[in-house]
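Below is one structure; the comments refer to it alone.
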């Protein structure tokens with residue numbers, strides 16, 4: 001809250017992906033989602049809530065780092081930090097002051113497949129708030145001064161990250177999993193690629209991607225459908241009808257097993273591991289989702305947590321998750337252990353992977369996972385911004401407005417036989433590939 | 001779950017619905033055994049946040065036992081007289097609950113976030129571990145390895161954290177706030193089962209705790225459930241509260257840390273500053289306004305002058321929190337642009353501060369900052385958690401629910417003169433620690449690089465270490 005939130009690092013990018021993932025499995029009978037269509041045909045999902053005079057908006061385009069041209073990695077990211085650096089007749093300072101004086105928060109965030117915007121405003125300022133979204137999206141200035149300042153900020157962030165083991169491990173993972181593919185390139189750019197971006201690239205990115213046929217909107221809070229309808233035109237009515245997307249081909253991750261070590265002088269080794277996953281719309285997705293929950297997704301109760309942290313004290317944090325990308329799919333995990341014992345952590349992850357592939361979960365584990373996943377479901381609907389994000393996530397995945405009411409049913413329907421079958425077909429212990437940054441003993 | 005800034009102290013403001021004259025409209029009760037209860041109703045989702053906060057944290061640790069408050073927090077997830085080790089979390093999960101815990105210098109908290117019909121079950125579990133903790137030697141040995149890994153992740157792996165740890169130690173001359181919450185490695189390695197149990201018996205009891213329930217709940221029903229589950233837990237004999245006053249801060253300090261992992265230097269400075277409980281507490285509200293206008297965003301004075309106009313830094317900001325049992329700090333940070341020497345940046349920062357001290361802060365900026373802070377309070381009411389945290393942390397430091405409810409009004413009462421007086425009181429080099437993060441000294445050859453892992457200014461004011 002005192003740091004200037006100008007830079008979205010890999011964690012932020014991950015958050016976007018995770019959102020899609022969660023939205024995917026989120027559901028609630030607790031919200032009523034309406035579709036609102038403006039006069040000019042802009043559609044948004046709305047959850048009305050008049051209990052507090054505030055409004056949260058989330059919107060997104062299918063346009064993340066994967067649409068950066070080769071050699072210009074970081075373009076989406078740089079665009080995202082420049083949209084509030086002046087628009088229309090206002091320079092950066094005027095634009096930002098206007099927002100701040102009205103306590104309007106407008107932020108942008110970039111992942112591999114998504115370009116997300118979020119807005120939070122008091123009801124009394126919502127007209128201005130929606131107008132500024134429109135200005136930011138259709139008339140960003142990209143003034144030379146602002147471009148250089150934010151480029152400098154991203155460069156400095158990049159250089160910092162190059163000495164962070166977690167970043168290095170993730171980078172190694174992505175570039176090995178997707179060589180020559182946009183997913184293999186760094187969303188936040190490199191020193192070289194950030195330096196190569198020029199103003200025309202930024203303008204082109206906006207023109208190509210910010211379009212009405214590529215737009216998803218979720219709104220939560222103190223606004224009626226009629227009011228929202230007019231607001232939507234203010235914010236998004238000026239967008240061109242059609243995008244001009246840079247194609248991202250489908251790609252299977254090239255993960256062939258083994259351990260890749262990058263030497264780094266630190267007392268602890270950071271490991272990122274992964275293998276191919278399942279696409280979000282795959283019929284077995286929910287079974288895989290439950291499977292992952294039991295393996296390493298389930299907070300303090302997963303197998304990895306129990307074996308690595310609780311029984312042996314080998315790590316503070318160990319986890320796995322599914323990451324269904326738009327054009328690929330992964331199952332990922334991570335653990336950090338002191339150099340002397342990290343080999344043991346790796347061995348246990350492998351063993352758990354093999355064990356689960358062979359036998360699947362127990363009936364008790366499945367029952368417990370279902371109880372948690374369905375029972376914790378309403379918790380996701382406890383703040384406006386979170387609900388707005390989910391509304392967009394579900395639209396991104398094309399799951400339909402009825403999804404929220406059906407989601408727990410999808411979880412309930414999964415049988416033990418399903419999860420065991422998916423464990424056998426999905427989990428590939430010999431393709432589980434480790435990327436370790438540190439001074440791991442014996443590896 | 002980091003608490004510390006304005007929002008933690010914050011509460012919704014005057015612009016709320018006319019039907020709600022209060023802010024969070026919290027209701028309170030006290031049980032016979034001394035447990036205080038707070039209920040914050042928020043009906044946006046059928047959920048309940050159940051939290052138990054103990055008024056004990058790292059500042060209360062005996063000498064030589066740094067990290068014991070946080071270690072005990074981890075160990076509370078082991079067994080009780082009726083639950084096997086690890087069973088607690090299984091039950092919470094089976095009830096669809098999300099849970100965690102956190103330790104700060106001032107307090108230790110535990111929470112479960114559940115569907116509202118699971119509240120009673122959570123109370124039963126939490127009341128049980130308030131008095132019935134059972135630790136095996138094996139539990140302790142394994143969990144100690146976990147906190148050592150946690151320290152490696154949080155501190156040893158991050159040069160900026162190493163620097164902050166040293167800088168805090170330099171800032172507080174006498175107070176436990178100079179000790180890292182997670183503990184010093186060499187002391188953590190020796191924390192024993194008995195250390196944990198001693199600390200537990202001394203401080204964990206209903207008369208040293210605050211129960212906070214927020215969400216779609218009914219205050220009378222929460223009170224009834226609290227009586228049923230927490231009521232039977234006996235009081236503990238609390239030791240007298242240690243209150244260490246700081247001696248006068250007389251000498252400017254500099255802490256310089258070089259690390260080969262650093263690729264670009266960073267500048268930060270902490271000024272010893274009053275909190276809500278300090279002798280100079282009259283500055284506490286004005287300092288929140290000052291931190292806001294000085295360095296909370298890209299329109300604020302430091303960013304505009306150092307980053308935009310003079311192009312000496314890639315980012316710059318400031319921060320402050322008043323919610324402390326003891327003294328607080330006001331901090332500044334800036335990352336130099338490549339090619340800008342640390343010396344030049346520091347001089348520029350000091351020139352900005354000198355300008356403010358000489359000319360005073362602009363009235364327009366003060367009014368804008370006040371408005372933004374009060375607006376934050378309205379947003380805080382959007383979910384159940386923010387208000388619950390603000391009230392709980394306030395009670396933990398000996399303040400009242402009313403202090404939180406009146407926060408927007410008190411921010412509103414801050415004047416330009418008060419901000420200037422607060423700035424003059426705090427921004428004195430003799431009361432400060434300047435902390436520099438630098439690349440490793442070149443040994444004859446070229447420097448190893450230019451930039452840091454980004455000083456994480458939040459690291460400097462990190463108020464809590466999370467459990468899991």
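Please pick out the residue among B:313, B:291, B:334 that is more than 9 Å from chain A (Cβ to nearest Cβ), buried (at least 24 other Cβ atoms within 10 Å of the Cβ), within 24 Å of the chain's Cα centre (by Cα) and at pLDDT 95 or above.
Just a single option satisfies the conditions, and that option is B:334.
Based on what the data block shows, is residue B:215 more than 30 Å from residue B:41 (Cβ to Cβ), in contact with a strand residue (DSSP E or B) (Cβ under 7 Å, 6 or more places away or on another chain) and facing chain A (nearest Cβ under 10 Å)?
In short, no.
What number of residues within region A:329-347 are within 14 Å of chain B (Cβ to nearest Cβ), crowded, with 17+ Cβ neighbours inside 10 Å and assigned to a helix (DSSP H, G or I)?
Matching residues across region A:329-347 total 2.
Looking at residue B:120 and the list (1) in contact (Cβ under 8 Å) with a residue 12 or more places away in the chain; (2) within 13 Å of chain A (Cβ to nearest Cβ); (3) not in a strand (DSSP E or B), which single condition is not satisfied?
For residue B:120, the exception is condition (2).
Inspect region B:369-380 for any residue being surrounded by fewer than 24 Cβ atoms within 10 Å (Cβ to Cβ), more than 30 Å from residue B:217 (Cβ to Cβ), free of Cβ contacts under 8 Å to residues at least 60 places away in the same chain and more than 10 Å from chain A (Cβ to nearest Cβ) and give the result as yes or no.
no
Is it the case that region B:1-10 has a residue that's in a loop (DSSP other than H, G, I, E, B), buried (at least 20 other Cβ atoms within 10 Å of the Cβ), in the same structural domain as residue B:152 (by TED's automatic domain parsing) and at pLDDT 95 or above?
no
Among A:398, A:409, which is the only one that is surrounded by fewer than 20 Cβ atoms within 10 Å (Cβ to Cβ), out of contact with any helix residue (DSSP H, G or I) (no Cβ under 8 Å at 6 or more places or on another chain) and within 29 Å of residue A:174 (Cβ to Cβ)?
Among A:398, A:409, only A:398 is surrounded by fewer than 20 Cβ atoms within 10 Å (Cβ to Cβ), out of contact with any helix residue (DSSP H, G or I) (no Cβ under 8 Å at 6 or more places or on another chain) and within 29 Å of residue A:174 (Cβ to Cβ).
Give me a count of the residues in region B:83-110 that are free of Cβ contacts under 8 Å to residues at least 40 places away in the same chain and not in a helix (DSSP H, G or I). Quick ask: steps written out before the conclusion?
The initial filter retains those residues of region B:83-110 that are free of Cβ contacts under 8 Å to residues at least 40 places away in the same chain, namely B:84, B:86-87, B:89-99.
Imposing the further condition that a residue be not in a helix (DSSP H, G or I) reduces the set to B:84, B:86, B:95-99.
Within region B:83-110, residues that are free of Cβ contacts under 8 Å to residues at least 40 places away in the same chain and not in a helix (DSSP H, G or I) number 7.
Of the residues that sit in region A:172-185 and are touching a residue at least 24 places away in the same chain (Cβ under 8 Å) and crowded, with 22+ Cβ neighbours inside 10 Å, which one is farthest from residue A:327 (Cα to Cα)?
Going through the qualifying residues, I end up with A:173.
If I filter region B:72-82 down to residues being in a helix (DSSP H, G or I) and in contact with a helix residue (DSSP H, G or I) (Cβ under 7 Å, 6 or more places away or on another chain), which single residue comes out as farthest from residue B:197 (Cα to Cα)?
B:74
With the checklist (1) surrounded by 24 or more Cβ atoms within 10 Å (Cβ to Cβ); (2) closer than 29 Å to residue B:325 by Cα; (3) within 14 Å of another protein chain (Cβ to nearest Cβ) in hand, flag the one item residue B:106 doesn't pass.
(3)
Looking only at helices (runs of 4 or more DSSP H) that lie completely in region A:364-426, which have at least 3 residues being within 14 Å of chain B (Cβ to nearest Cβ) and under 30 Å from residue A:59 (Cβ atoms)?
A:384-396, A:403-413
Could you pull out the residue among A:30, A:79 that is in the same structural domain as residue A:116 (by TED's automatic domain parsing), over 19 Å from residue A:232 (Cβ atoms) and at pLDDT 90 or above?
Answer to the check: A:79.
Each row is one residue, and each column tells you yes or no for (1) crowded, with 22+ Cβ neighbours inside 10 Å; (2) within 14 Å of another protein chain (Cβ to nearest Cβ).
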position	(1), (2)
A:267	no, yes
A:280	yes, no
A:292	yes, no
A:295	yes, no
A:313	no, yes
A:318	yes, yes
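Look at residue B:13 and say whether it is in the same structural domain as residue B:133 (by TED's automatic domain parsing) and either farther than 30 Å from residue A:374 by Cβ or modelled with pLDDT of 95 or more (or both).
Numbers: in the same structural domain as residue B:133 (by TED's automatic domain parsing): yes; either farther than 30 Å from residue A:374 by Cβ or modelled with pLDDT of 95 or more (or both): yes.
Yes, satisfied.
Any idea which of B:340, B:349, B:361 is away from chain A (no Cβ under 14 Å), in contact with a strand residue (DSSP E or B) (Cβ under 8 Å, 6 or more places away or on another chain) and surrounded by 19 or more Cβ atoms within 10 Å (Cβ to Cβ)? Please lay out each step first, then the result.
Numbers: B:340 fails: away from chain A (no Cβ under 14 Å); B:361 fails: in contact with a strand residue (DSSP E or B) (Cβ under 8 Å, 6 or more places away or on another chain).
The match here is B:349.
Could you pull out the residue among B:269, B:264, B:258 that is closer than 28 Å to residue B:155 by Cβ, out of contact with any helix residue (DSSP H, G or I) (no Cβ under 8 Å at 6 or more places or on another chain) and touching a residue at least 40 places away in the same chain (Cβ under 8 Å)?
Only one candidate passes the filter, namely B:258.
The values are calculated or read from the model by the stated rules, or taken from the named source; none is laboratory data. Quick caveat, the model's predicted, so the values are computed rather than measured. With ideal geometry, Cβ positions are generated from the backbone for all residues, glycine too; neighbour counts draw on all protein chains shown.
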